[in-house]
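*Asks:* Below: one structure in C-alpha cells.
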Amino acid sequence: MTAPSLPIETERLVLRTPQPQDRAPLHAMWADPIVMADLGPVKNAAESDMALARHASYAPLGFRAVVLRAEQATIGFCGLKPGAPDTPIEGMLEIGWMLALPYWGAGYAREAAAAAIAWGWENRDDNAIVAITATDNAKSRLLMERLGMSYEPAVDFDHPLFAADDPRRHTVTYRIARPAGL
C-alpha cells in the first residue's frame, strides 16, 4: 500500500502533499473569477490560506497539489476528502479537483482524478467514491462521466454553503463503485 504522504505519479503529473511554493499559484487560481465561476466566490489571500489549511487536513485521504512533471509548475489540486458536512454525502469519500485556467482542456484534470481514484481503491476500503458540483457546471459533470461516474439524482441537494438565490446552490452528485475484485 502507498502511504498517503508519498506522491502519486502519472505520465505528465505528480500529485503530492502541498509545499510552500504551491501557495502563490493556488492563491492565483482561487482569485480567478473564471476558475471560481461554478465553484464559489473568489478568495483573497487570507481565504486561500484557510482553504489550504482545510486541504491539509485531507492529506491522509490523498488530497494533493497537482504539479506538471516537466515544468515543475503547480497547476491546481486534486484528491480525496471527506464528503461535505451537513449534506447527503457526509461520511462518504469524495473526490475533488480544481485547475488553473491555463491548464484547462489538456486532459490534466482527468489524468489527476483517475490517478486519485485508483489510489483510493488501492489504499481505502470504501465501496464508492462520490463527486459533487453545481448543476450548471457542465465541464465538471462531463469529466465525472468520463471517469466512469454515474449521476445519482436521488442524492442531489442544496449546498448549505451557498445562499438560497445562488445558482451554484443546487448540487448534483456522481458516484463510482469500487471495481469488483479490488
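The values are calculated or read from the model by the stated rules, or taken from the named source; none is laboratory data. Values in this document were obtained by computation on a predicted structure and should not be read as measured data. No Cβ is skipped: glycine too gets one built from the backbone with ideal geometry, and neighbour counts run over all protein chains shown. Heads up: the accessible areas ignore ligands, DNA and RNA and are worked out on the full protein's heavy atoms, side chains in. Shrake-Rupley method; radii C 1.70, N 1.55, O 1.52, S 1.80 Å.
*Asks:* Let me spell it out: the conditions are (1) in a helix (DSSP H, G or I); (2) touching a helix residue (DSSP H, G or I) at 6+ places or on another chain (Cβ under 7 Å); (3) open to solvent by less than 10 Å² (accessible area, probe 1.4 Å), and A109 meets all of them except one. Which number is the exception?
*Replies:* If we test A109 against (1) in a helix (DSSP H, G or I); (2) touching a helix residue (DSSP H, G or I) at 6+ places or on another chain (Cβ under 7 Å); (3) open to solvent by less than 10 Å² (accessible area, probe 1.4 Å), just (3) comes out false.
Residue-by-condition table, conditions (1) out of contact with any Pro (no Cβ under 6 Å at 6 or more places or on another chain); (2) closer than 19 Å to L39 by Cβ; (3) open to solvent by 90 Å² or more (accessible area, probe 1.4 Å):
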{"site": "S140", "(1), (2), (3)": "yes, yes, no"}
{"site": "M149", "(1), (2), (3)": "yes, yes, no"}
{"site": "A164", "(1), (2), (3)": "yes, yes, yes"}
{"site": "A180", "(1), (2), (3)": "yes, no, yes"}
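*Asks:* Within region 33-58, how many residues turn out to be exposed (fewer than 15 other Cβ atoms within 10 Å of the Cβ) and in a loop (DSSP other than H, G, I, E, B)?
*Replies:* 4
*Asks:* Which of the residues belonging to region 7-65 are in contact (Cβ under 8 Å) with a residue 40 or more places away in the chain and of a type in the set (S, T, N, Q)?
*Replies:* Within region 7-65, T10, T17, Q19, Q21 meet the criteria.
*Asks:* Among the residues of region 142-157, which ones are in contact with a Ser or Thr (Cβ under 7 Å, 6 or more places away or on another chain) and outside any loop (DSSP other than H, G, I, E, B)?
*Replies:* Matches in region 142-157: V155, F157.
*Asks:* A further question on this structure: Starting from region 79-100, take each residue that is closer than 19 Å to A118 by Cβ and part of a loop (DSSP other than H, G, I, E, B) and list its partners that are open to solvent by 10 Å² or more (accessible area, probe 1.4 Å) and acidic (D, E), counting only C-beta distances under 9 angstrom and pairs at least six apart or across chains.
*Replies:* Listed pairs, sorted by first residue: M92/D126.
*Asks:* What are the pairs, 6+ residues apart or on separate chains, where a residue within region 104-125 that is over 14 Å from I176 (Cα atoms) and touching a residue at least 24 places away in the same chain (Cβ under 8 Å) has its Cβ under 9 Å from a residue that is open to solvent by less than 40 Å² (accessible area, probe 1.4 Å) and aromatic (F, W, Y)?
*Replies:* A112/F77
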